[in-house]
1. Any idea how many residues of the range 124-143 are modelled with pLDDT of 90 or more, in contact with a helix residue (DSSP H, G or I) (Cβ under 9 Å, 6 or more places away or on another chain) and not hydroxyl-bearing (Ser, Thr, Tyr)?
2. Please determine whether any residue of the range 62-79 is under 25 Å from Ala153 (Cβ atoms) and of a type in the set (D, E, K, R).
3. Out of (1) in the same structural domain as Leu198 (by TED's automatic domain parsing); (2) under 12 Å from the mean Cα position of the chain (by Cα), the odd one out for Glu118 is which?
4. Given the condition in a loop (DSSP other than H, G, I, E, B) and within 30 Å of Leu26 (Cα to Cα), answer yes or no: does some residue in the range 49-70 qualify?
5. Consider only pairs whose beta carbons are under 8 Å apart and that are at least six residues apart or on different chains; among these, list those whose first residue lies in the range 71-83 and is free of Cβ contacts under 8 Å to residues at least 60 places away in the same chain and charged (D, E, K, R) and whose second residue is part of a loop (DSSP other than H, G, I, E, B) and surrounded by 15 or more Cβ atoms within 10 Å (Cβ to Cβ).
6. Does Ala157 fit the bill of being closer than 30 Å to Leu212 by Cα, modelled with pLDDT under 90 and under 15 Å from the mean Cα position of the chain (by Cα)?
7. Taking the range 109-159, which residues are β-branched (Val, Ile, Thr) and assigned to a strand (DSSP E or B)?
Amino acid sequence: MELLNDTDGKQQKGLNELRINEGVILYVEDAAIKYEGAGVVHNEEKTTTKWEIEFELETNRCLIKYNLPSESSNAVYTEQIIVDRRVLIESLKNQIAQKLNLPIDGVIFRRGGSHGAELVEDDLTFKQANIYNGMSIFVQKGEPTRQGYKRVALTLAEYYNPDWSNLTPEAATGIIREPHDHEFFTFTDLGKLAVRTLDPVSKVKQSIGERLIEIYP
């Protein structure tokens, strides 16, 4: 609210009427200076006051916390950045990568923690990506998932045949039951594989086979 323009009698009103209380910040500036941004029309000329720009920026400021990349998944979010919530996710990722002095194609960003969803779509707004003020972004070194791809976790399940005579009392009677899946399988984590969402299942299986050959030549 501008106080110097007395066309509506603001200067004749009391402070209480104008809701100017103790602790209120008043912006004082040269009315002849013009600023870029949204404007207010005075005498058919478009001018913008600095306090309008400042209020607009304050309304859209968004504080994001993030961690320093490390091998541990127990991140401590010691770093923070203030960005304009009107920018796209691409801009947020670029600004964080720049502060970490890391190439953008060598950083993975996850929403909310190490097990959170990866921020893949760069053309989303903060609202579309569910990014809000005060949120934590988990940052780790690695190859990020490209748009149109999904990161699939691979686990190798291997069956082994136990010595039933030592494991079951029924073996002494000659009655041997079949094993349950969860009892006699070992599971090995093979990492994650970026898979194109439009690829057919046959191509995905081929990619998994190639990963197995790399691990078990």
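The values are calculated or read from the model by the stated rules, or taken from the named source; none is laboratory data. The structure displayed is predicted, hence computed values, not measured ones. Note that we place each Cβ from the backbone using ideal geometry, even for glycine, and neighbour counts take in every protein chain shown.
1. Taking the range 124-143 as the starting set, the residues that turn out to be modelled with pLDDT of 90 or more are 124-141.
From what's left, in contact with a helix residue (DSSP H, G or I) (Cβ under 9 Å, 6 or more places away or on another chain): 124-126, 128-129, 131, 137, 139, 141.
Restricting the remaining residues to those that are not hydroxyl-bearing (Ser, Thr, Tyr) gives 124, 126, 128-129, 131, 137, 139, 141.
Qualifying residue count for the region: 8.
2. Within the range 62-79, one or more residues are under 25 Å from Ala153 (Cβ atoms) and of a type in the set (D, E, K, R).
3. (1)
4. If we filter the range 49-70 for residues that are in a loop (DSSP other than H, G, I, E, B), which is where we start, we get 49, 67-70.
Checking the rest, the ones that are also within 30 Å of Leu26 (Cα to Cα) come to 49.
Yes.
5. Once the first residue is free of Cβ contacts under 8 Å to residues at least 60 places away in the same chain and charged (D, E, K, R) and sits in the range 71-83, its partners that are part of a loop (DSSP other than H, G, I, E, B) and surrounded by 15 or more Cβ atoms within 10 Å (Cβ to Cβ) give Glu79/Asn67.
6. Working: closer than 30 Å to Leu212 by Cα: yes; modelled with pLDDT under 90: yes; under 15 Å from the mean Cα position of the chain (by Cα): no.
Criteria not met by Ala157.
7. Keep residues of the range 109-159 that are β-branched (Val, Ile, Thr), which gives 120, 125, 131, 137, 139, 145, 152, 155.
Within the range 109-159, Thr125, Ile137, Val139, Val152, Thr155 qualify.
The rows are residues; the columns are (1) under 30 Å from Arg111 (Cβ atoms); (2) loosely packed, with under 10 Cβ neighbours inside 10 Å; (3) modelled with pLDDT of 65 or more; (4) assigned by TED's automatic domain parsing to the domain that holds Ala129.
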site: Met1; (1), (2), (3), (4): no, yes, no, no
site: Gly14; (1), (2), (3), (4): no, yes, yes, no
site: Gly23; (1), (2), (3), (4): no, yes, yes, no
site: Leu26; (1), (2), (3), (4): no, yes, yes, no
site: Tyr35; (1), (2), (3), (4): no, no, no, no
site: Gly39; (1), (2), (3), (4): no, no, no, no
site: Lys46; (1), (2), (3), (4): no, no, no, no
site: Lys65; (1), (2), (3), (4): yes, no, yes, yes
site: Ser73; (1), (2), (3), (4): yes, no, yes, yes
